[in-house]
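See structure below.
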Amino acid sequence: MAAKQRQKLTAMETETAAETATMDLIGEDLLHNILSRLPAESCASAACVNRSWNLIINRLLTLPNLSSALSCHPCLQGAVDEAVDKVLARPIRPQFVIASIGPSFDLEEAQCLISDRFSSEIPIITSISYGVFGQDANTNEFEEVQWDTWEDNKAHENFRDEDEGVLVTVGFLPGLTVDLIPLKKTRGLMTENFVRSIRERSFSRSGSSPMGILLFSDEDIDIKPVLAKLDYAFSSETAIVGDAGSKFLYQDGKAISPSNSRVSSSAAVALLFSRDTGKPPGVGETQFHVMLSTGVSPIGPKYKAVYVKAVSHDNSTRLMATTDEIDFNMDGETILDPIYDELGDHTHSRTLYVGVTKMRKCTSRHVDTNWIFMREFQMVLRGDYEYLYVHGDGIKSYDSFQFYHANSDLARASCNNVSNKMKLLKQDLNHLTDDHSISNGSMGMQKKSVFGGMMFACYGRGKLYFGKPNVDASPFLENFPGVTFSGTYCNGEIAHGDFSLYENGSKEHSSTRCSLHEFSTVYLVMSYTSPTLPQH
């Protein structure tokens with residue numbers, strides 16, 4: 001027995017010596033550089049070579065990583081292969097996958113093809129979008145691709161003739177856990193169960209509220225009441241962003257579930273990011289930073305809705321209105337004519353929205369019942385000699401509202417404001433700080449940096465709106481060149497916050513909440529703070 005133990009120890013010592021000799025010959029930094037360039041599958045194989053390689057690869061795989069690629073291959077299989085091959089071209093341990101496809105591709109087929117390339121335990125969401133932003137898998141150039149979903153093709157002939165394309169984004173966020181929570185619909189939306197599931201899962205993971213919620217909702221449901229519940233249930237420290245109008249499929253590790261299935265279908269799905277209290281030593285913290293570029297500006301006086309009635313057959317609301325100066329009930333034409341005159345639009349062709357301030361009662365199992373003010377945008381459909389008609393419901397008599405119109409000059413200025421905020425964030429994060437005490441009483445330092453970002457932009461924006469491409473993406477691309485950034489065009493952009501963003505920081509509107517936006521762009525910036533290291 002003793003002889004066998006000596007032989008075993010001798011073999012281990014020989015192996016260790018060989019590994020050390022290899023490390024000395026190549027150099028750890030060079031070996032780290034070589035292994036970091038391996039594709040994900042090759043990296044997994046290399047980790048089995050010996051302990052030193054395994055140690056370096058495990059270190060690589062604990063770093064924050066957001067990888068994204070765009071393919072406009074006309075064949076779905078080819079587009080998926082190009083995009084997935086690119087995102088897996090470097091070492092990564094995927095926690096989640098988000099994919100967007102063009103409207104001419106089959107959603108179910110796309111979900112199956114993408115799911116086949118990843119573990120069944122990884123949450124995957126695939127949606128049909130109005131367009132995408134991202135790095136081209138073949139050229140490595142950043143591209144903005146808008147697909148023609150407009151009825152008037154002549155007016156939008158600058159859009160791509162083809163509607164094919166796939167954007168795949170894969171992420172690993174150290175210090176966070178990722179769960180998929182569906183919003184079920186039977187006879188109605190199970191909103192209370194949805195919010196409760198998010199809260200309970202987050203508290204079971206971290207003992208606190210979520211770090212972030214990435215939400216995708218079906219285009220055929222009204223997500224505004226759900227957003228109001230989420231806004232009330234979670235503080236502004238929880239980043240809530242997403243796409244409010246798409247068709248999607250998801251994989252939650254158990255099954256692939258369609259958003260439009262008749263049996264136990266889902267009206268929305270959330271990727272839930274919670275702090276990982278069980279994270280291993282040496283893992284830092286991932287943080288989310290949300291910014292908003294607005295694109296609509298107010299016009300005309302403030303009104304009060306009267307004689308409100310929901311029209312169920314076409315999901316609209318008809319109403320009349322009064323103002324402080326006019327005490328009689330105005331019909332639709334009387335309301336709209338001066339608005340269009342102020343815009344100089346005598347053909348009434350401009351898209352208008354009403355921004356309605358709604359006082360709503362919110363209840364929660366863990367929070368006292370309270371009243372909150374929500375500002376919600378609803379598109380104006382038409383006005384006649386009797387009523388003003390707007391899309392959607394939820395307006396009540398005596399709710400106040402104001403008209404808003406898309407304003408490209410405001411959107412450009414708002415993009416510049418976002419760029420300045422990102423510049424300040426970059427200055428704050430990209431430095432070494434030495435004011436952190438560690439357990440032995442000495443001083444330590446931390447590295448903070450941005451490693452990725454995502455964007456949700458209104459499909460009405462883009463190069464046709466601004467006159468040139470990549471205006472919405474420019475704040476991130478200019479401040480964080482070379483950092484992974486991707487996004488989609490949406491029909492409703494989700495970002496919860498207060499309405500003062502629309503009123504130049506007005507304190508009057510700081511208590512009014514707004515979670516669903518129009519003609520806006522929402523930015524989710526991801527940063528990482530490395531664990532505190534002792535100074536030498």
The answer for GluC sites (Glu not before Pro) in the range 284-367 that fall in a DSSP coil and have at most 16 neighbouring Cβ atoms within 10 Å is Glu325
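Only loop residues by DSSP count here, and only those with at most 11 other Cβ atoms within 10 Å; note down the chymotrypsin sites (Phe, Trp or Tyr not before Pro) in the range 298-354 that meet that. Intermediate values should be presented prior to the final figure.
Working: sites: Tyr303, Tyr307, Phe328, Tyr340, Tyr353; in loops: Phe328.
When the chymotrypsin sites (Phe, Trp or Tyr not before Pro) of the range 298-354 are filtered for loop state and at most 11 Cβ neighbours within 10 Å, Phe328 remain.
So which trypsin sites (Lys or Arg not before Pro) in the range 307-407 are both in a DSSP loop and have at most 12 other Cβ atoms within 10 Å of their Cβ?
Details: sites: Lys309, Arg318, Arg350, Lys358, Arg360, Lys361, Arg365, Arg375, Arg382, Lys396; in loops: Arg350, Arg365, Lys396.
Counting only loop positions with at most 12 other Cβ atoms within 10 Å, the trypsin sites (Lys or Arg not before Pro) in the range 307-407 are Arg365.
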Find how much the distance from Ser297 to Phe203 grows on full extension, using 0.36 nm per residue of separation minus their present alpha carbon separation; answer in nm with one decimal.
-> 29.9 nm
Tally Lys and Arg at +1 and Asp and Glu at -1 over the other residues with C-beta under 11 Å from the C-beta of Asp428: what net charge comes out?
-> +4
Give the accessible area for Val525 in Å² (nearest 10); use a 1.4 Å probe, count only protein heavy atoms, and leave out ligands, DNA and RNA.
-> 0
With label points built 7 Å along Cα→Cβ from the Cα atoms of Arg350 and Ser397, find their separation and express it in nm.
-> 3.2
Once fully extended, how much extra length lies between Thr322 and Thr186, figured as 0.36 nm per residue of separation less the alpha-carbon to alpha-carbon distance?
-> 45.1 nm
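Over the range 165-306, what is the relative contact order in percent, taking alpha-carbon pairs closer than 8 angstrom and at least six residues apart?
Details: 209 pairs, mean separation 52.1, N = 142.
Answer for the range 165-306 is 37 percent.
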Length released on extending from Asn491 to Asp409, taking residue separation times 0.36 nm less the Cα-Cα span = 27.4 nm
Env charge @ Val132, Cβ radius under 9 Å, K,R +1 / D,E -1, value -2
Treat each spin label as a single point 7 Å out from the Cα along the C-beta direction, and report the Leu343 to Leu464 distance in nm.
-> 1.7
Set Lys229/Lys302; Lys247/Lys426; Lys184/Lys396, cut-off 30 Å on Cα-Cα distance; pairs above it are Lys247/Lys426
What's the FRET efficiency of Ser312 with Lys447 using the Cβ-Cβ distance as r and R₀ = 60 Å, to the nearest 0.05?
-> 0.60
Roughly speaking, what is the centre-to-centre gap between the range 266-315 and the range 165-198 when only Cα atoms are used, to the nearest Å?
-> 14
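Quick one: if the Förster radius is 41 Å, what FRET efficiency do Gln427 and Thr139 give, using the C-beta to C-beta distance and rounding to 0.05? Intermediate results must be reported in sequence, preceding the final value.
On the way: r = 32 Å, r/R0 = 0.77.
The computed FRET efficiency comes out at 0.85.
The values are calculated or read from the model by the stated rules, or taken from the named source; none is laboratory data. Just so it is clear, the model here is predicted, and its values are computed rather than measured. In this analysis, Cβ positions are derived from the backbone assuming ideal geometry, glycine residues included, and neighbour counts consider all displayed protein chains. Heads up: the accessible areas ignore ligands, DNA and RNA and are worked out on the full protein's heavy atoms, side chains in. Shrake-Rupley method; radii C 1.70, N 1.55, O 1.52, S 1.80 Å.
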